1. For MET102, MET82, which order do you get if you count the other beta carbons within 10 Å of each Cβ and list the fewest first?
2. Only Cα pairs under 8 Å and at least 6 apart count here; give the relative contact order of the chain as a rounded whole percent.
3. Could you check what % of the DSSP bridge pairs in region 7-223 are antiparallel, to the nearest 5?
4. Measure of size requested: the Rg and Dmax of region 7-223, with Cα atoms as the atom set and Å as the unit; please supply both.
5. Filter LYS39/LYS156; LYS105/LYS135; LYS100/LYS144; LYS49/LYS225; LYS39/LYS167; LYS144/LYS167 down to the pairs with a C-alpha to C-alpha distance above 24 Å, please.
6. How many percent of all Cα-Cα pairs in region 176-228 sit more than 15 Å apart?
7. Order by neighbour count: SER193, SER165, SER79, fewest other Cβ atoms within 10 Å first, most last.
8. Mind sorting THR78, THR121, THR168, THR148 by how few other Cβ atoms lie within 10 Å of their own Cβ, fewest first?
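Readers should treat all values here as calculations from the given coordinates under stated rules, not as data from a laboratory. Source: prediction; values computed, not measured. Note that we place each Cβ from the backbone using ideal geometry, even for glycine, and neighbour counts take in every protein chain shown.
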Amino acid sequence: MCAWAPRSLVIAFMSDIYNPPNDPLVILHDDHEVLLVDKPSGLLSVPGKGPDLADCLITRVQAVFPQALLVHRLDRDTSGVMIFALTPHAQRHLGLQFEKRMTKKTYVARVFGEMSEAKGTVDLPLIVDWPNRPKQMVDHENGKAAVTDWRVIKRKPGETRVRLSPKTGRSHQLRVHMLALGHPILGDPFYASREARNHPRLMLHSETLQFRHPDGGQGMRITAKTPF
């Protein structure tokens, strides 16, 4: 922690004890090139700094598949589909697909309040909020392009279930974009109000991932059932 970090941020980090779930590894698909798993909420994708943050998804995956290689990440509190490469060729192939936005991801979220429109697009550039890292913020002058399509699945008193389709992959993109619409994701410790934060987890789940298989280019679509 930097010496100049705001006291509120220091307290937030000190009180945020990392206690990852002990859920068994859920394999959605595996073959000679790729492995897809269902990451539980509360588990880091990769190790954090320090021995207390060593437990993570890639470590658990490599205990079973020692050759597994990282391709992308999900936020600690987001659950759902993650893909790992099982060969260097697959890692390069998949990495290029993510870089060129050839993959397609959809998420399901429960957000605060009842959204009045049925669907829409958020096009707001994002940048890191340096004094309050890891938070992000909208910055029209210096931010990087970030676009999210959204569609209402169901409304009920006080909340809305939505399907989110990010066109870009910025950090905290879905969380900041929903906040910008006035409907923060329920359970979000960074962006939700106290009322909306009072949930057992972040209500955000990576539901589907579409990609081209590194061996032959066949289109694949892998789904992880939403747990909330």
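1. Ordered from fewest to most neighbouring Cβ atoms within 10 Å, MET102, MET82 come out as MET102, MET82.
2. About 19 percent, as a whole number.
3. Once the DSSP bridges in region 7-223 are tallied, antiparallel ones form about 95 percent.
4. 17.6, 53
5. LYS39/LYS156; LYS49/LYS225
6. Within region 176-228, distances greater than 15 Å cover 59 percent of Cα pairs.
7. Ordered from fewest to most neighbouring Cβ atoms within 10 Å, SER193, SER165, SER79 come out as SER193, SER165, SER79.
8. Values: THR78 26, THR121 11, THR168 14, THR148 23.
The fewest-first ordering by Cβ neighbours comes to THR121, THR168, THR148, THR78.
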